[in-house]
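The values are calculated or read from the model by the stated rules, or taken from the named source; none is laboratory data. Just so you know, these numbers come straight off a predicted model, no measurement behind them. Using ideal geometry, Cβ is built from the backbone for each residue, glycine included, and neighbour counts are taken over all protein chains shown.
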């Protein structure tokens, strides 16, 4: 560790860069949770516009239609349309900061880069973390921030599942190459695991087993994996607990 | 014919939406009052005025469902139409189970809202008529003397005058007089109608 004012994380990634990426990751999470909220928010001006427009049609059908009244409704329609446009502009600005940047990445390095964050999160939950990294995995072409987001949402899920675990929870991040064409990152815990009905709907948007959950975390992970040509999944861990994994395509060996 | 005091209470935390609903209702000749929160509505609502409530299910502070519960607790009979966001079906089902009159998803067709409001107003009018009728009948039964009430109880059990006279320790002639007074005061045209009135009163009075 250098003793200068720019401490570096592992693998020589400056802490400031790592911090930027984590910000990016947390913003991704916010977007997902926002999706439901944005739909609701946009629905309000649209409802108002529809109401004014329909009322205008009714008023115009009358012989004694009052132009002042119609003008008032049209002004309201303009205001509400501007409000809808503003919501969309904010969303677009947010999306613009999320441009995907893919590079050939060592998946072990990517995991190690985020381990500090995972550990500090786990410590808060009284959970022990270990790494099981398989050496000499092929590089994968990914947006590191997005893949870290997926792993983090798996970790957060596990930490929440382990919250009520007697005798302390254990969480492990494992990398492997299940087949020549795939690299896998799995987050494994010794928690209660998942009920069968939750398993089937796990990656659906808006599905959540938590009363407070918006249910978007895993659905976003699913989308990210798909845009990378991979997949996310769940399998029960043996002898107990949960295992969430992301599979990423490995480039063919040259 | 609509009571001119009929009021549609529009409760929505979104100013744009609630003003647009008021405008829409005005275009079909309905009077609306708008409220920005459930609390504001509870403070400003006149239970004696006929009408119905158009309520956004999602609001900060007291939610639409909590407001419906408050109305239930207060014994309010005013019908509530819930407006839900798109895809809020579970919430709509919940609302119906809490005694909502109907629900509608945002954004909605004007005719759908107006039709529902019309049905809600019809229901409100029926509720009010039934309550008024109930109060009138209850008033008549309350005017019975203790002795007449005893006779009423025996009559509804189908006891003949002779048995009543024996049970009450009075003459059959006296029983006949009490009987006639009961029929006259309650306005019942027959024993069957009298029994029905008593059953109606009992059933409505046990409603929580």
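Miscellaneous remarks
- Residue B:122, sole failed condition from (1) under 26 Å from residue B:67 (Cα atoms); (2) exposed (fewer than 14 other Cβ atoms within 10 Å of the Cβ); (3) in contact (Cβ under 8 Å) with a residue 40 or more places away in the chain: (3)
Matching residues to (1) over 38 Å from the mean Cα position of the chain (by Cα); (2) surrounded by 12 or more Cβ atoms within 10 Å (Cβ to Cβ); (3) farther than 30 Å from residue A:157 by Cα:
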| residue | (1), (2), (3) |
| --- | --- |
| A:51 | no, yes, yes |
| A:65 | yes, yes, yes |
| A:71 | yes, no, yes |
| A:75 | yes, no, yes |
| A:82 | no, no, yes |
| A:108 | no, yes, no |
| A:122 | no, yes, no |
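- Residue match in segment B:89-101 (condition: out of contact with any strand residue (DSSP E or B) (no Cβ under 8 Å at 6 or more places or on another chain), within 14 Å of chain A (Cβ to nearest Cβ) and outside any helix (DSSP H, G or I)): no
- Filter result for the condition that a residue is within 30 Å of residue A:106 (Cβ to Cβ), in contact with a strand residue (DSSP E or B) (Cβ under 9 Å, 6 or more places away or on another chain) and either modelled with pLDDT under 90 or more than 14 Å from every other protein chain (Cβ to nearest Cβ) (or both), over A:29, A:15: A:15
- Qualifying residues in segment B:1-13 (those that are within 14 Å of chain A (Cβ to nearest Cβ) and surrounded by 21 or more Cβ atoms within 10 Å (Cβ to Cβ)) - the one farthest from residue A:43 (Cα to Cα): B:8
- Per the listing A:171, A:194, A:218, the residue uniquely modelled with pLDDT of 70 or more, part of a loop (DSSP other than H, G, I, E, B) and touching a helix residue (DSSP H, G or I) at 6+ places or on another chain (Cβ under 9 Å) is A:194.
- Filtering segment B:77-89 to residues that are out of contact with any helix residue (DSSP H, G or I) (no Cβ under 7 Å at 6 or more places or on another chain) and at pLDDT 80 or above leaves only B:83.
- Note on segment A:151-185: residues that are out of contact with any strand residue (DSSP E or B) (no Cβ under 9 Å at 6 or more places or on another chain), surrounded by 15 or more Cβ atoms within 10 Å (Cβ to Cβ) and closer than 16 Å to residue A:140 by Cα total 0.
- Qualifying positions in segment B:19-36 - within 21 Å of residue B:58 (Cα to Cα), more than 10 Å from chain A (Cβ to nearest Cβ) and in contact with a strand residue (DSSP E or B) (Cβ under 6 Å, 6 or more places away or on another chain): B:32, B:33, B:34, B:35
- Just one of the listed residues (A:65, A:109, A:122, A:53) is within 14 Å of another protein chain (Cβ to nearest Cβ) and part of a helix (DSSP H, G or I), and it is A:53.
- Residue within segment B:37-55 that is within 12 Å of chain A (Cβ to nearest Cβ), touching a strand residue (DSSP E or B) at 6+ places or on another chain (Cβ under 7 Å) and either outside any helix (DSSP H, G or I) or at pLDDT 90 or above (or both) present: yes
- Residue check for residue A:90: at pLDDT 65 or above and either within 14 Å of chain B (Cβ to nearest Cβ) or under 29 Å from residue B:85 (Cβ atoms) (or both): yes
- Test: residue in segment A:38-54 that is closer than 30 Å to residue A:183 by Cα and either modelled with pLDDT under 85 or not assigned by TED's automatic domain parsing to the domain that holds residue A:140 (or both): no
- Residue B:57 being within 18 Å of residue A:45 (Cα to Cα) and surrounded by 20 or more Cβ atoms within 10 Å (Cβ to Cβ): yes
- Check on residue A:9, surrounded by 14 or more Cβ atoms within 10 Å (Cβ to Cβ), closer than 20 Å to residue A:148 by Cα, at pLDDT below 70 and outside the structural domain of residue A:112 (by TED's automatic domain parsing): yes
- Some residue of segment B:200-208 being crowded, with 16+ Cβ neighbours inside 10 Å and either in contact with a helix residue (DSSP H, G or I) (Cβ under 9 Å, 6 or more places away or on another chain) or closer than 26 Å to residue B:139 by Cβ (or both): no
- Taking segment B:33-68 as the range and being within 15 Å of the chain's Cα centre (by Cα) and in contact (Cβ under 8 Å) with a residue 12 or more places away in the chain as the test, the residues that pass are B:46, B:47, B:49, B:50, B:51, B:52, B:53, B:68.
- Which numbered condition residue B:137 fails, given (1) at pLDDT 90 or above; (2) outside the structural domain of residue B:49 (by TED's automatic domain parsing); (3) surrounded by 15 or more Cβ atoms within 10 Å (Cβ to Cβ): (1)
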